[in-house]
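**Q** Once you've had a glance at the structure underneath, I'll fire off some questions.
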Amino acid sequence: MTRHLLILGGTTEGRALAAELASTTYRVTSSLAGRVAQPRLPAGEVRIGGFGGPEGLADWLRAERVDAVVDATHPFAAGISHNAALAAAATGVPLLVLRRPGFTRVDGDHWLPVPSLAAAADLLPRRGERVFLTIGRQGVAAFAHLDGAHFLARSIDPPEPPVPPSFEVLLDRGPFTVQGEEALLRKHDIDVLVTKDSGGAATAPKLTAARGLRLPVIIVERPPVPDGVPVAPDVAGVMRWLEEPG
Ligand code: NAP
């Protein structure tokens with residue numbers, strides 16, 4: 001019988017998993033939150049929009065006869081990951097988190113790890129006056145009260161207010177190069193980078209560029225994966241999990 005897999009997506013890994021499963025006998029549905037105006041659509045079936053909390057997700061799993069869920073959401077999308085853990089526990093549907101490893105610090109990095117965007121904002125006044133924010137369009141509000149610094153924020157879609165008084169937006173979704181990132185940091189005279197430990201590769205061009213220019217990087221640490229939920233670091237790990245009996 002065809003097995004139905006729900007991928008909670010919105011990431012490169014989610015799309016890669018859907019593509020990998022396209023040539024198998026699985027029925028695959030990818031779910032996107034609907035935050036991005038023109039999302040990159042994964043292979044297979046796609047549904048867009050929230051489920052209505054953990055109960056709504058549990059209802060959806062039952063109604064659509066889902067056999068397994070892979071939470072391939074962004075490492076910082078803690079709300080949906082929590083909901084998925086609750087819905088899986090309520091329905092008995094097996095759940096796996098597909099979470100790419102975080103960035104790796106190397107010699108020459110000047111990282112200042114913080115537990116939250118609010119903590120990053122607290123640290124900022126002492127660390128720089130021209131800030132490059134690469135935290136996505138959500139979360140800019142955490143910096144809105146800072147009037148002593150200028151912010152350049154890069155995101156796919158424009159951030160919603162409130163934003164800091166001295167603020168400019170760069171709409172771009174990459175891919176980026178070290179050379180391009182270095183040129184951008186120089187052009188805007190950036191003296192501190194604020195980013196999240198999103199991972200996806202050992203490093204990112206912006207981190208390499210910051211290292212080259214000896215800039216401090218305030219890096220927001222990831223929220224934890226919900227207790228007891230197994231984690232795979234890549235698509236191959238998910239494929240192995242799907243082949244496990246039971
Ligand atoms: P979040 O705070 O964890 O989730 C908030 C609510 O959005 C959830 O309770 C759920 O609504 C809905 N939702 C989130 N992801 C969903 C999905 N894949 N399918 C259906 N509903 C979803 O999430 P977020 O941080 O706003 O991120 C939203 C989406 O953007 C995620 O899917 C994530 O993969 C992607 N993304 C996030 C970031 C980031 O930095 N946070 C970066 C890149 C991409 P209901 O309770 O109504 O079900």
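**Q** Of GLY52, GLY34, which residue is within 13 Å of the ligand (Cβ to nearest atom) and either farther than 16 Å from THR11 by Cβ or surrounded by 20 or more Cβ atoms within 10 Å (Cβ to Cβ) (or both)? Outline the logic, then answer.
**A** Numbers: GLY34 fails: either farther than 16 Å from THR11 by Cβ or surrounded by 20 or more Cβ atoms within 10 Å (Cβ to Cβ) (or both).
The conditions single out GLY52.
**Q** Turning to a different aspect of this structure: Which one of the conditions (1) under 19 Å from the mean Cα position of the chain (by Cα); (2) at pLDDT 95 or above; (3) away from the ligand (no atom under 12 Å from the Cβ) does TRP111 fail to meet, given that it meets all the rest?
**A** Unmet condition: (1).
**Q** Considering each residue of segment 18-31, count those that are under 12 Å from LEU6 (Cβ atoms), β-branched (Val, Ile, Thr) and away from the ligand (no atom under 16 Å from the Cβ), and give that number. So that I can check it myself, show each step before the final result.
**A** Going through segment 18-31, the residues under 12 Å from LEU6 (Cβ atoms) turn out to be 18, 21, 26-31.
Applying the additional criterion that residues be β-branched (Val, Ile, Thr) yields 28-29.
Of the ones still in play, those that are also away from the ligand (no atom under 16 Å from the Cβ) are none.
Total satisfying the criteria: 0.
**Q** Moving on. Which one of ALA72, ALA88, ALA77 is open to solvent by 30 Å² or more (accessible area, probe 1.4 Å), under 30 Å from ARG240 (Cβ atoms) and not charged (D, E, K, R)?
**A** On the way: ALA72 fails: open to solvent by 30 Å² or more (accessible area, probe 1.4 Å); ALA88 fails: open to solvent by 30 Å² or more (accessible area, probe 1.4 Å).
Unique residue meeting the criteria: ALA77.
**Q** Please determine, by comparing only the residues of segment 119-136 that are within 19 Å of the chain's Cα centre (by Cα) and open to solvent by less than 30 Å² (accessible area, probe 1.4 Å), which one is nearest to ALA210 (Cα to Cα). I'd like the intermediate steps shown before the answer.
**A** If we filter segment 119-136 for residues that are within 19 Å of the chain's Cα centre (by Cα), which is where we start, we get 119-120, 132-136.
Restricting the remaining residues to those that are open to solvent by less than 30 Å² (accessible area, probe 1.4 Å) gives 119-120, 132-135.
Working: ALA119: 20, ALA120: 17, PHE132: 10, LEU133: 13, THR134: 13, ILE135: 16 Å.
By that ranking, first place goes to PHE132.
**Q** Any idea which of VAL93, VAL97, VAL46 is surrounded by 17 or more Cβ atoms within 10 Å (Cβ to Cβ), within 14 Å of the ligand (Cβ to nearest atom) and outside the structural domain of GLN138 (by TED's automatic domain parsing)?
**A** Matching residue, one of VAL93, VAL97, VAL46: VAL97.
**Q** Moving on to the next point. In segment 137-168, what residues are of a type in the set (Gly, Ala, Ser), open to solvent by 40 Å² or more (accessible area, probe 1.4 Å) and closer than 25 Å to ALA77 by Cα?
**A** Answer for segment 137-168, where residues must be of a type in the set (Gly, Ala, Ser), open to solvent by 40 Å² or more (accessible area, probe 1.4 Å) and closer than 25 Å to ALA77 by Cα: just ALA141.
**Q** Scan segment 12-28 and tell me whether some residue there is open to solvent by less than 20 Å² (accessible area, probe 1.4 Å) and of a type in the set (D, E, K, R).
**A** There is no residue in segment 12-28 that is open to solvent by less than 20 Å² (accessible area, probe 1.4 Å) and of a type in the set (D, E, K, R).
The values are calculated or read from the model by the stated rules, or taken from the named source; none is laboratory data. Remember, predicted model here, so these are calculated numbers, not experimental data. When we count neighbours, we look across all protein chains shown, and the Cβ atoms used for this are built from the backbone with ideal geometry, even at glycine. Areas reflect the complete protein model, heavy atoms only, side chains present, ligands, DNA and RNA absent. Shrake-Rupley method; radii C 1.70, N 1.55, O 1.52, S 1.80 Å.
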